[in-house]
Amino acid sequence: MNNCIRLFFCGDFCSSPSTKEIIVSKELKSKIDSCDFKVCNFEVPLKPAGVSSQKGHFFQNDDAPAFLEGLGFNLFSFANNHAFDYGLEGWQKTMAAFQSTPFGSGKYEDAYKVKVVEKNGKKIGFLPLCYAARFGVFDNYTDKNSYACAWVNDLKVNHVIIDVKKEVDYLVILPHDGIEYIDVPLPEIRSRYRDFIDYGADAVIATHPHCPQGWEEYNGKMIFYSLGNFLFNSKQDYSFQSSLPHWYDGRCVILNVEKDSDTIQYEVINTRNEGNKAISIDAGLESIKYNEVLCSYLSDEELYKNHLIKVLSPIVRGECALPSRAFYCSSFKEWVKSWLSLMLNQIKRDRQEESNIKLERLMKDDTRRASVLRIIEENTHVFSYR
């Protein structure tokens, strides 16, 4: 093992209750301990003292950083859609709470700076990126002196990858992107992650959908589309139970980097969160077979297309109600009635604010906008895999 560098990656982590009651199994802890560098997406910030909780804004217990560092994690991605839920003060408190400062956010140049570690004479870089959330992510027009996360589709990313590959031996991209709660990535996501490989990245390991997705090899390099949740409890009590599918099923990945070889071997570990208090390895046959199903979507284009439309349709109807109502009308009369109804609803301020937030989210979020367009294309029979 002396000639091998082992990298451990887990999915999203958030614990609003104290982490004192959370137990990680000996088998899983042994896997973590066997690795040199352990990477975690710290999904949610700490809340500043004296600040009241805000609806739709999540925070973690103050002891969460020490809990993760106690498990052995020493690298923390902090480029995600919740990083600035409690503003600059919450971000600063979070950054200061770790012995190893999280990376992927800050002022513009800091956010896009690659985290580099070294072992056995090899340099390994990590670049976290985030989709265009409603706030807290840089775009091409954001004030570069403000604070935000690195944007996954900023063209700067391409140049960062090219430049940093002149300085490091291996580069891992850590995107936080995708449609939540579905088990397959969009074509646009697949294309973008493949871009990273084409520009020089050696692996892509993604988070955000809050459920596992499959993985595939592209040009000899691995792309993991979603590790799901390592543990995610945004409520302030342990009794909370999510009804979302595969919310409690996670995936961890170990990359083995051989010192005298250009190849990277990988191992996928299925994990299970029980009652928000116990994280263990799930060696059950059901999880193993489910992995096979997830990866099959990515290897069969027709299966992929059909499953994508199946899982996207309810998401578009439910979460993107403002535009979708206009496109799910069977007649011109129904279309007129739909839009009149929308306009009348907007007379009430709460409805107007809700619609505006949904529309803003849709227009800014590349991934969500693409999902709506794909359903529209399907309903007009022009769907294509891009």
Inset, instruction - For the stretch 1-155, report the translational diffusion coefficient in µm²/s to the nearest whole number, using Stokes-Einstein at 37 °C, 0.692 mPa s, and a Kirkwood Rh over Cα pairs. - result: 201
Inset, instruction - Would you mind telling me the share, in percent, of accessible area of the stretch 68-218 contributed by carbon and sulfur at probe 1.4 angstrom? - result: 45
Inset, instruction - Distance check, please: which entries in Lys123/Lys235; Lys26/Lys107; Lys107/Lys166 exceed 31 angstrom between their Cα atoms? - result: Lys123/Lys235; Lys26/Lys107
Inset, instruction - Could you list, in their original order, any pairs among Lys165/Lys289; Lys29/Lys93; Lys38/Lys165 whose Cα atoms are separated by more than 31 Å? - result: Lys165/Lys289
Inset, instruction - Would you mind putting 233-246, 69-82, 96-109, 157-170 in packing order, based on average other-beta-carbon counts within 10 Å, highest first? - result: 69-82, 96-109, 157-170, 233-246
Legend entry - Net charge of Cβ neighbours under 13 Å - reference Glu167; Lys, Arg +1; Asp, Glu -1: +3
Inset, instruction - Rounded to the nearest 0.05, what FRET efficiency do Cys4 and Asp62 give with R0 = 41 Å and r taken as the Cβ-Cβ distance? Could you check? - result: 0.70
Legend entry - Surface accessible to a 1.4 Å probe, per residue, for the residues of the stretch 23-129, Å²: 40
Inset, instruction - Find out how many positive minus negative residues lie around Cys40, taking Lys and Arg as positive, Asp and Glu as negative, among other residues whose Cβ is under 10 Å from that of Cys40. - result: -2
Inset, instruction - Express the Stokes-Einstein translational diffusion coefficient of the stretch 64-132 in µm² s⁻¹, to the nearest whole number, given a Kirkwood radius over alpha-carbon pairs, 25 °C and a viscosity of 0.890 mPa s. - result: 189
Inset, instruction - Average the reciprocal distances over every distinct pair of alpha-carbons in the stretch 185-302, invert the result, and give the Kirkwood radius in Å. - result: 15.5
Inset, instruction - Give me the distance in nm between label points sitting 7 Å out from Cα along the Cα-to-Cβ direction at Ser30 and Lys107, one decimal. - result: 4.8
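The values are calculated or read from the model by the stated rules, or taken from the named source; none is laboratory data. Being a predicted model, the structure only gives us computed values, none of them experimental. Note that we place each Cβ from the backbone using ideal geometry, even for glycine, and neighbour counts take in every protein chain shown. Heavy atoms of the whole protein, side chains included, go into the accessibility calculation; ligands, DNA and RNA do not. Shrake-Rupley method; radii C 1.70, N 1.55, O 1.52, S 1.80 Å.
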